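Colleague: Got a structure for you, written out below as structure tokens; questions coming shortly.
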């Protein structure tokens, strides 16, 4: 039987280069840009991959939290959320919500990209 090997959220953005800079400089992802002119990028870090697509209608971009309160656009599971949290803070990235133990069983925190997408990083709590 075939196995699923991953899933990648696709974020629509108003400014591709601004998003690539955010993911690479702010979150430590390795980014590759495609198109002439550029209109698509991949942001990869370890096994996590986020796809970034340039929108020709930026006024229509709506982050999930604007429709459903406190809802993420991407949730990234990690093996050491405290280390990722410290790294992101050291890089000067604004924290959307600080690290805490959530009621759904993850220790997590969130950031918000330049287009307002909420991106969470979480580690499953033991027990």
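Colleague: What's the total number of residues in region 48-60 that are surrounded by fewer than 17 Cβ atoms within 10 Å (Cβ to Cβ), under 20 Å from residue 31 (Cβ atoms) and modelled with pLDDT of 95 or more? Give the steps one after another, and end with the answer.
Modeller: Looking only at region 48-60, we keep the residues that are surrounded by fewer than 17 Cβ atoms within 10 Å (Cβ to Cβ), and these are 49, 51, 53, 55-60.
Now restrict to residues that are under 20 Å from residue 31 (Cβ atoms): 49, 51, 53, 55, 58.
Next, only the ones that are modelled with pLDDT of 95 or more stay: 49, 51, 53, 55.
Counting residues in region 48-60 that are surrounded by fewer than 17 Cβ atoms within 10 Å (Cβ to Cβ), under 20 Å from residue 31 (Cβ atoms) and modelled with pLDDT of 95 or more gives 4.
Colleague: Out of the residues in region 18-28 that are without any contact (Cβ under 8 Å) to a residue 40 or more places away in the chain and over 10 Å from residue 52 (Cβ atoms), state the one that is surrounded by the most Cβ atoms within 10 Å (Cβ to Cβ).
Modeller: Of the residues in region 18-28, the ones without any contact (Cβ under 8 Å) to a residue 40 or more places away in the chain are 20-21, 24.
Right, trim to over 10 Å from residue 52 (Cβ atoms) and you get 21, 24.
Values: 21: 13, 24: 15.
Result: 24.
Colleague: Filter region 84-127 for residues that are part of a loop (DSSP other than H, G, I, E, B) and either under 11 Å from the mean Cα position of the chain (by Cα) or closer than 28 Å to residue 59 by Cα (or both) and give the result.
Modeller: Taking region 84-127 as the starting set, the residues that turn out to be part of a loop (DSSP other than H, G, I, E, B) are 91-94, 102-105, 113-117, 125-127.
92, 93, 94, 113, 114, 115, 116, 117, listed by residue number.
Colleague: In region 45-69, which residue that is outside any strand (DSSP E or B) and touching a residue at least 40 places away in the same chain (Cβ under 8 Å) is nearest to residue 34 (Cα to Cα)?
Modeller: Filtering region 45-69 for residues outside any strand (DSSP E or B) gives 46-47, 55-69.
Restricting the remaining residues to those that are touching a residue at least 40 places away in the same chain (Cβ under 8 Å) gives 47, 55, 58, 61, 63-66.
Details: 47: 20, 55: 14, 58: 19, 61: 21, 63: 24, 64: 26, 65: 28, 66: 29 Å.
It comes out as 55.
Colleague: Continuing with this model, one more query. Please give the number of the condition residue 12 fails out of (1) exposed (fewer than 15 other Cβ atoms within 10 Å of the Cβ); (2) outside any loop (DSSP other than H, G, I, E, B); (3) in contact with a strand residue (DSSP E or B) (Cβ under 6 Å, 6 or more places away or on another chain).
Modeller: Evaluating residue 12 over (1) exposed (fewer than 15 other Cβ atoms within 10 Å of the Cβ); (2) outside any loop (DSSP other than H, G, I, E, B); (3) in contact with a strand residue (DSSP E or B) (Cβ under 6 Å, 6 or more places away or on another chain) leaves (1) as the failure.
The values are calculated or read from the model by the stated rules, or taken from the named source; none is laboratory data. Just so it is clear, the model here is predicted, and its values are computed rather than measured. Because the Cβ atoms are built from the backbone with ideal geometry, glycine has one as well, and the counts that use them run over all protein chains shown.
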